[in-house]
Amino acid sequence: MKSRISTATEILNFRIEDIWDTITDNKNWQWRSDLQDLKIMNDKEFIEYGKGGLEINFTITKKETG
């Protein structure tokens, strides 16, 4: 399986720590309009279920902060 790295840029008027905490908190994914569900397997793996039926398995290999 090929590894991928995603990068996005946006200017927001919030503390970077608060943004990071929000987007990396898989227990509170409901703000994501593209998801219908998210299942946490363990502290390194989770599955996103998209509204269009797409299922993506994620494995966290490295989590960097600011």
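The values are calculated or read from the model by the stated rules, or taken from the named source; none is laboratory data. Because the structure is predicted, anything quoted here is derived from the model rather than measured. Please note: Cβ atoms are built from the backbone with ideal geometry, for glycine as well, and neighbour counts cover all protein chains shown.
Anything in the stretch 44-55 that is outside any strand (DSSP E or B) and either among the polar types (S, T, N, Q) or in contact (Cβ under 8 Å) with a residue 12 or more places away in the chain (or both)? List them, or say none.
Step one: filter the stretch 44-55 for residues outside any strand (DSSP E or B), giving 44, 51-54.
Residues satisfying the conditions are K44, K51.
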Notebook entry, point to check: Of the residues that make up the stretch 14-32, is at least one within 12 Å of the chain's Cα centre (by Cα), over 16 Å from T65 (Cβ atoms) and of a type in the set (D, E, K, R)?
Noted result: yes
Margin query: Of everything in the stretch 47-66, what is closer than 17 Å to I5 by Cβ and either exposed (fewer than 12 other Cβ atoms within 10 Å of the Cβ) or at pLDDT 95 or above (or both)? Give them in sequence order.
Written below: E48, I56, N57, F58, T59, T61, K62, K63, E64, T65
Margin query: Return the pair list, or none, for Cβ contacts closer than 8 Å from residues in the stretch 1-21 that are over 16 Å from T61 (Cβ atoms) to residues that are surrounded by 10 or more Cβ atoms within 10 Å (Cβ to Cβ), at least 6 apart or on different chains.
Written below: L12/I19
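Go through the residues of the stretch 3-12 one by one and say whether even a single one is among the β-branched types (V, I, T) and either surrounded by 10 or more Cβ atoms within 10 Å (Cβ to Cβ) or at pLDDT 95 or above (or both).
Initial filter on the stretch 3-12 (among the β-branched types (V, I, T)): 5, 7, 9, 11.
Subset that is either surrounded by 10 or more Cβ atoms within 10 Å (Cβ to Cβ) or at pLDDT 95 or above (or both): none.
Taking every residue of the stretch 3-12 in turn, none turns out to be among the β-branched types (V, I, T) and either surrounded by 10 or more Cβ atoms within 10 Å (Cβ to Cβ) or at pLDDT 95 or above (or both).
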Next item on the list: Taking only the stretch 13-31 into account, find how many residues are at pLDDT 95 or above and either among the charged types (D, E, K, R) or part of a strand (DSSP E or B) (or both).
Entry: 1
Next item on the list: Could you tell me which numbered condition L38 fails, if it satisfies all but one of (1) in a loop (DSSP other than H, G, I, E, B); (2) in contact with a helix residue (DSSP H, G or I) (Cβ under 8 Å, 6 or more places away or on another chain)?
Entry: (1)
